[in-house]
Amino acid sequence: MTAAVFLSYWTGLRFVAPELVDPDTLLGTALALHVCDAIMCRLFAHNNGYPKGVWTALGLVAGLWAVAVLILLPRRGGAPPAPGRLP
């Protein structure tokens with residue numbers, strides 16, 4: 001298994017764009033995708049009562065897989081998050 005194939009599976013790009021094998025294009029796409037995944041993880045964590053910093057870091061490292069886990073996790077008990085801006 002080459003590094004490009006491993007990276008494509010790690011980011012989830014192998015499932016949607018298996019023809020994307022150029023390492024430079026794959027790395028740039030993976031980086032942009034993981035930044036977007038980190039932002040989504042932060043929003044989901046904030047709305048569901050999980051630590052935002054931890055899930056942002058997990059989203060940056062694990063990407064799509066962290067988003068999927070966070071979506072499947074139940075909302076934490078306690079008061080619902082206050083409406084408004086993210087702190």
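Return Thr29, Thr11, Thr2, Thr56 ranked ascending by Cβ neighbour count within 10 Å, so the fewest neighbours appear first. Write out the running numbers ahead of the final one.
On the way: Thr29 17, Thr11 23, Thr2 9, Thr56 20.
Least to most surrounded, the residues fall as Thr2, Thr29, Thr56, Thr11.
Only counting other Cβ atoms within 10 Å, I'd like Cys36, Cys41 sorted with the fewest neighbours first. Write down the numbers at each step before the final one.
Numbers: Cys36 14, Cys41 26.
Sorted ascending by nearby Cβ count, the order is Cys36, Cys41.
Using alpha carbon centroids, what distance separates the stretch 54-78 and the stretch 21-36, in Å?
About 20 Å separates the Cα centre of the stretch 54-78 from the one of the stretch 21-36.
Tell me, what is the percent relative contact order of the stretch 22-75, built from C-alpha pairs under 8 Å that lie six or more residues apart?
On the way: 56 pairs, mean separation 19.8, N = 54.
Result for the stretch 22-75 is 37 percent.
What's the exposure ranking of Arg85, Arg76, Arg42, Arg14, going from fewest to most Cβ atoms within 10 Å?
Working: Arg85 5, Arg76 9, Arg42 21, Arg14 17.
Ascending number of Cβ neighbours within 10 Å: Arg85, Arg76, Arg14, Arg42.
Based on DSSP H assignment, which helices of the chain show an axial Cα extent of at least 27 Å together with a mean Kyte-Doolittle hydropathy greater than or equal to -1.0? Display every interim value, and only then the final one.
On the way: long enough: 23-48 (36 Å, 0.63).
Sorted by number, the helices that extend far enough and score high enough are 23-48.
Can you give the calculated 222 nm mean residue ellipticity of the chain, where each DSSP H run of n ≥ 4 adds -39,500 (n - 2.57) and the sum is split over every residue, rounded to the nearest 500 deg cm²/dmol? Let's see the in-between values first.
Details: 5 runs with 59 residues, N = 87.
The helix contribution divided over the chain gives -21000 deg cm²/dmol.
No lab work stands behind these numbers, since they all come straight from the coordinates. Nothing here was measured: the structure is a model prediction, and the numbers come from that model. Virtual Cβ from ideal backbone geometry, glycine too; neighbours counted across all protein chains shown.
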